[in-house]
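Since the structure comes first, as structure tokens, the remarks are kept for the end.
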Amino acid sequence: MKPKVMVTREVFDEVLDYLSQYFEVTSNQSDIPMDAETLGIKLSDKQGAMITISDRIDVALLSRCPNLKAVCNIAVGYNNIDLEACTKAKVIATNTPGVLDDTTGDFTWTLILATARRLTEAETYLRAGQWDGWKLKQFLGLDVHHATLGIFGLGRIGQVVARRAIGFEMKVIYHDIRRMPPDIEESCRARFVSKEELLSQADIVTLHVPYSPETHHLIGKAELKQMKPTAILINASRGGVVDDEALIEALRSGTIAGAGLDVYENEPKFNPGFLKLRNVVLAPHIASSSRATRYKMAMLAAQNLVASLTGKIPPNLLNPF
Ligand code: 8YV
């Protein structure tokens, strides 16, 4: 008998076909997110699950799923998975690093350019029929070329963002928990600086750190105050890295000039204060969403699941066994 697995959200048919070669597959193709209670019921008789960041894998869930052997996230970030609890329960956990770096880096640039040049604000104005002609001082923005780009987290995605900055002839500075090796700094043309220097020098601050207790509210009221009033903040990493309430206040009061966001605290119920602001570009967590990349992410998660349940070491194992 084939092992039973669940795919908790809609995925591509090809991915389901691949999984079906190995498993009896149940898939939530209706794509309605499941609450913790439903997830527990659905996974109670499964050996494996392909999950997304909206599925929380914790002690409570694991205690209800005695057959579970592997949870494979369709995401590089895995703050939805309690790794320690998985290890204790002998459940393999995996993620999808690498395949989304370029696409997420591209989208970070989408946010940088749209925010710096006030695209959402200008388009809203035009669509509302308010445009009555060209004006010299209309929607004056921030120049991206030759500006200073400050990157928090020079990991895989941060490096992509830095390399794209070379074309804009920017000065790139970065901060991380540890300094990167010289070859990476050189290929990114990035200079390591303190958190304080990054915040006070950058015209554009962009965040590429994972969410953890250490990065919770990495950017809060005090950090926003250290930024230039002309600077913009970009977040395509994880909600919770920024204190959204503090950011809304900073955008309202002019502490900083603008923000471009793809992620929020308490997604998808983000702070409604953002909707009242003109100087913020808002996207619904789509940084990795190109057709090709989302396919690769789902397929990689499926490969991780197949390896995990066929006695192999999965390519993207997160916890020790
Ligand atoms: C995913 C992401 O689309 O990979 C991540 O960590 O944030 C996105 O690329 C999202 O997490 C869906 O699970």
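If we keep just the residues of the stretch 75-100 that are more than 11 Å from the ligand (Cβ to nearest atom) and polar (S, T, N, Q), which is surrounded by the fewest Cβ atoms within 10 Å (Cβ to Cβ)?
Among them, the one singled out is Thr87.
Taking Ser289 as the residue in question, decide whether it is within 17 Å of Thr108 (Cα to Cα), within 16 Å of the ligand (Cβ to nearest atom) and touching a Gly at 6+ places or on another chain (Cβ under 9 Å). Break it down into steps so the answer makes sense when it comes.
On the way: within 17 Å of Thr108 (Cα to Cα): yes; within 16 Å of the ligand (Cβ to nearest atom): yes; touching a Gly at 6+ places or on another chain (Cβ under 9 Å): no.
Judged against the criteria, Ser289 is not a match.
Condition (residue is assigned to a strand (DSSP E or B) and modelled with pLDDT of 95 or more) applied to the stretch 174-184: is it met by at least one residue?
Pass one, the stretch 174-184, residues assigned to a strand (DSSP E or B): 174-175.
Subsequent filtering for residues that are modelled with pLDDT of 95 or more retains 174-175.
Scanning the stretch 174-184, I find at least one residue that is assigned to a strand (DSSP E or B) and modelled with pLDDT of 95 or more, so the answer is yes.
Please count how many residues of the stretch 122-155 are touching a strand residue (DSSP E or B) at 6+ places or on another chain (Cβ under 8 Å), assigned to a loop (DSSP other than H, G, I, E, B), small (Gly, Ala, Ser) and more than 16 Å from the ligand (Cβ to nearest atom). Show your work before the answer.
Going through the stretch 122-155, the residues touching a strand residue (DSSP E or B) at 6+ places or on another chain (Cβ under 8 Å) turn out to be 142, 144, 146-154.
Those left that are additionally assigned to a loop (DSSP other than H, G, I, E, B): 142, 144, 146-147, 153-154.
Filter again for small (Gly, Ala, Ser), leaving 147, 153.
So of that shortlist, the ones also more than 16 Å from the ligand (Cβ to nearest atom) come out as 147.
Number satisfying all stated conditions: 1.
Report the residue count in the stretch 273-321 for those that are assigned to a loop (DSSP other than H, G, I, E, B), touching a residue at least 12 places away in the same chain (Cβ under 8 Å) and surrounded by fewer than 20 Cβ atoms within 10 Å (Cβ to Cβ).
Start the filter on the stretch 273-321 by keeping residues that are assigned to a loop (DSSP other than H, G, I, E, B), which leaves 277-279, 283-290, 310-316, 318-321.
Narrowing the set further to residues that are touching a residue at least 12 places away in the same chain (Cβ under 8 Å) leaves 277-279, 283-290, 310, 314-316, 318-321.
Filter once more, keeping what is surrounded by fewer than 20 Cβ atoms within 10 Å (Cβ to Cβ): 277-279, 283-286, 289-290, 310, 315, 318-321.
Matching residues across the stretch 273-321 total 15.
Collect the residues in the stretch 54-74 that are surrounded by 20 or more Cβ atoms within 10 Å (Cβ to Cβ), within 16 Å of the ligand (Cβ to nearest atom) and either touching a residue at least 60 places away in the same chain (Cβ under 8 Å) or under 18 Å from Tyr211 (Cα atoms) (or both), keeping them in residue-number order. Working first, answer last.
Kept after step one, since they are surrounded by 20 or more Cβ atoms within 10 Å (Cβ to Cβ), are these residues of the stretch 54-74: 55, 57, 61-62, 65, 68, 70-74.
Of the ones still in play, those that are also within 16 Å of the ligand (Cβ to nearest atom) are 55, 57, 71-74.
Those that are surrounded by 20 or more Cβ atoms within 10 Å (Cβ to Cβ), within 16 Å of the ligand (Cβ to nearest atom) and either touching a residue at least 60 places away in the same chain (Cβ under 8 Å) or under 18 Å from Tyr211 (Cα atoms) (or both): Asp55, Ile57, Cys72, Asn73, Ile74.
So if I check each of Ser54, Ser44, which one is modelled with pLDDT under 95, among the small types (Gly, Ala, Ser) and closer than 30 Å to Thr310 by Cα? Please lay out each step first, then the result.
Working: Ser44 fails: modelled with pLDDT under 95.
Of Ser54, Ser44, the one residue that is modelled with pLDDT under 95, among the small types (Gly, Ala, Ser) and closer than 30 Å to Thr310 by Cα is Ser54.
Which one of the conditions (1) open to solvent by 20 Å² or more (accessible area, probe 1.4 Å); (2) touching a residue at least 40 places away in the same chain (Cβ under 8 Å); (3) closer than 18 Å to Arg163 by Cβ does Ala202 fail to meet, given that it meets all the rest?
(1)
The values are calculated or read from the model by the stated rules, or taken from the named source; none is laboratory data. All figures in this text were calculated on a predicted structure; none of them were measured in a lab. So basically every Cβ, Gly included, is an ideal-geometry build from the backbone, and we count neighbours across all protein chains shown. Note: accessible area is taken over every heavy atom of the protein model, side chains too, but ligands, DNA and RNA are not part of it. Shrake-Rupley method; radii C 1.70, N 1.55, O 1.52, S 1.80 Å.
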